[in-house]
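Working notes, structure below.
Quick note: the coordinates plus some simple rules give every number you see, no bench work behind them. Quick caveat: nothing in here was measured; it's all calculated off a predicted structure. Backbone-built Cβ (ideal geometry, glycine too); neighbour counts: all protein chains shown.
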Amino acid sequence: MGAMASRPVHVVAAEAGSERAAELVPALRAAGHPARAHVLAPPVASEAGEEERLRQAKTITDKVRDLTVVDRRRLTTLVSEQLASGWHLDAIRAELDKPLAGASSVYAVLHARIRAMGQPPAPRLKPAAVPWCGQCDSDANRWIEKPDEEGNNRWARCPTCNPHAKAA
């Protein structure tokens with residue numbers, strides 16, 4: 001007796017609540033192809049901001065072509081994690097928009113690019129504000145009146161607390 005040749009099983013993945021798997025599996029079976037459905041559960045947001053991050057991540061990953069439903073879901077989760085760690089949406093989008101010429105696995109390349117981003121850059125901190133000295137006109141303006149060479153009063157930056165006077 002010869003070995004029986006096995007036929008590949010078609011796996012149809014679809015979002016929960018989607019009619020796609022329900023449509024395709026019977027059609028494949030009717031055509032004589034073994035098939036089974038794999039329904040993906042929607043992501044669960046554990047905090048208020050996570051739902052917004054998942055929505056933002058989905059807007060980016062939906063534009064990536066040649067991804068399976070499962071890979072798109074995994075990439076969306078990865079992008080959402082990067083957003084949660086502090087990366088800006090535009091920085092992630094720039095990584096995903098780089099050319100994929102010659103990539104045998106689009107998901108593997110994109111996954112590696114996103115993981116290679118590492119930790120987000122430290123936020124740029126503004127220099128600490130100089131406290132108001134109380135000698136100038138107001139905390140908002142920080143101007144003083146100074147006499148010029150002719151004895152006329154002129155407005156000038158307070159040399160004690162105006163941040164622009166410090167830089168000059």
Exercise. When you scan the stretch 138-161, how many residues do you find that are in contact with a strand residue (DSSP E or B) (Cβ under 9 Å, 6 or more places away or on another chain) and at positive phi?
Worked result: 1
Problem set entry | Test: Thr68 is within 13 Å of the chain's Cα centre (by Cα), polar (S, T, N, Q) and surrounded by 11 or more Cβ atoms within 10 Å (Cβ to Cβ) | no
For this session: Could you please find all residues in the stretch 139-167 being surrounded by fewer than 10 Cβ atoms within 10 Å (Cβ to Cβ), part of a loop (DSSP other than H, G, I, E, B) and under 42 Å from the mean Cα position of the chain (by Cα)?
Result: Ala140
Problem set entry | Any helices (runs of 4 or more DSSP H) falling wholly within the stretch 66-124 and containing at least 3 residues that are touching a Phe, Trp or Tyr at 6+ places or on another chain (Cβ under 9 Å), of a type in the set (Asp, Glu) and within 22 Å of Glu50 (Cβ to Cβ) | none
